[in-house]
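Contents: one structure, followed by commentary.
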Amino acid sequence: MNRVKRLPVPVLGLAGPSASGKSTLARHSQLEIPDLTVIKLDNFYKERTEFPVLNGRPNWELPINFRWDEIVKCLQELREGRSVFVPVYSKREGRRLGLDLICPGSIILVEGFLVLNYAPLRDLMDRKIFLRVARETQWIRRNGRDNSVERHYFDSVIWRTYRKFGRLAIEVADCVIEAEGNEEEVWRQFKPILESI
């Protein structure tokens, strides 16, 4: 699907807990709209050495771990049709590896667990979507892709953080999608929203 770019470029915010399907929907969206630009909040993490430590491990789940001013600036520039340099972040190494030049497309999709929780970022969005999944579904998916995460850590850190910050995101979202189903089921719910923006 080809779209005419208009200024400001429309922005779709996509939030949801770990393993809710954000990245999968972003990939589907780029197949549907090849000139769609995806911005990931994860690329704006601070150095892992700056994270608070919980139970002897860095806690990745907190809003203070992100450079919010940078992602807001990037989104402002992209909305106005200007290319930006976006950090390339390695979670394995816990640091930035460089920069990528990103060009604005006909739509900007910004995705991440906490993208709806920071008001200056949220204010740049034309549509705000939240993916909701049950606790056990999230655990099964997360454990399936990363079996280094222990159940205790999931329950006490990942799920607890979702419960804390997910409530606000749900309250400010324009639409909440129940993301329990498979990829195609969730995509069928999301696609009309993408096409209407």
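The numbers here are math on the coordinates, done by the rules we state, and not lab data. All figures in this text were calculated on a predicted structure; none of them were measured in a lab. All Cβ positions, even for glycine, are placed from backbone atoms using ideal geometry, and neighbour counts span all protein chains on display.
Between K91 and R48, what is 0.36 nm times their sequence separation minus the Cα-Cα distance? Round to one decimal in nm.
Working: separation 43, 0.36 × 43 = 15.48 nm, distance 0.83 nm.
Gain in length upon complete extension: 14.6 nm.
Could you order the peptides 106-115, 176-185 from most to least packed, using the average number of other C-beta atoms within 10 Å per residue? Can you show the working numbers first?
Numbers: 106-115: 23.3, 176-185: 15.2.
For the peptides 106-115, 176-185, the packing ranking is 106-115, 176-185.
Arranged by the count of other C-beta atoms within 10 angstrom, fewest first, what order do T137, T161 take?
Details: T137 16, T161 20.
So the ranking, lowest neighbour count to highest, is T137, T161.
First check a/c for the chain, with a ≥ b ≥ c the square roots of the eigenvalues of its C-alpha gyration tensor; if it is under 1.5, answer rounded, and if not, answer prolate when a/b is larger than b/c or oblate otherwise.
Cα axes put the chain in the oblate bin.
Comparing S156, S83, S29, which has the greatest mean-square fluctuation in the GNM of the chain with Cα pairs linked when under 10 Å apart?
It is S156.
Tabulate in residue order the Karplus-calculated ³J(HN,Hα) for the range 33-42, using 6.51 cos²θ - 1.76 cosθ + 1.60 with θ = phi - 60°, rounded to whole Hz; enter x for Gly and Pro.
10, x, 9, 6, 9, 10, 10, 9, 4, 4
About its Cα centre, what dipole magnitude does the chain give when the only charges are +1 on Lys and Arg Cβ and -1 on Asp and Glu Cβ, stated in debye to the nearest 20? Please report the intermediate quantities before stating the final value.
Values: 32 positive and 27 negative charges, 62 e Å.
Dipole magnitude for the chain comes out near 300 debye.
Most exposed first by the Cβ proxy, i.e. fewest other Cβ within 10 Å, how do H152, H28 rank? Intermediate results must be reported in sequence, preceding the final value.
On the way: H152 9, H28 18.
So the ranking, lowest neighbour count to highest, is H152, H28.
Please compute the length gained on full extension between R6 and E150, using 0.36 nm multiplied by the number of residues separating them and subtracting their Cα-Cα distance. Mind showing how you got there, number by number?
Working: separation 144, 0.36 × 144 = 51.84 nm, distance 4.61 nm.
Contour length minus Cα-Cα distance gives 47.2 nm.
Using Cβ counts within 10 Å as a stand-in for footprinting exposure, how do K73, K22 rank, fewest first? List each step's numbers first, then the result.
Working: K73 12, K22 26.
Ascending number of Cβ neighbours within 10 Å: K73, K22.
Rounded, prolate or oblate for the range 31-106? Axes are the square roots of the Cα gyration tensor eigenvalues, ordered a ≥ b ≥ c, and the cut-off for rounded is a/c under 1.5. Don't skip to the answer; put the middle values down first.
On the way: a/c = 2.48, a/b = 2.22, b/c = 1.12.
Verdict is prolate for the range 31-106.
Please report the relative contact order for the range 11-196, taking Cα pairs under 8 Å with a sequence separation of at least 6, and give it as a percent rounded to a whole number.
Working: 292 pairs, mean separation 61.7, N = 186.
Computed over the range 11-196, the figure is 33 percent.
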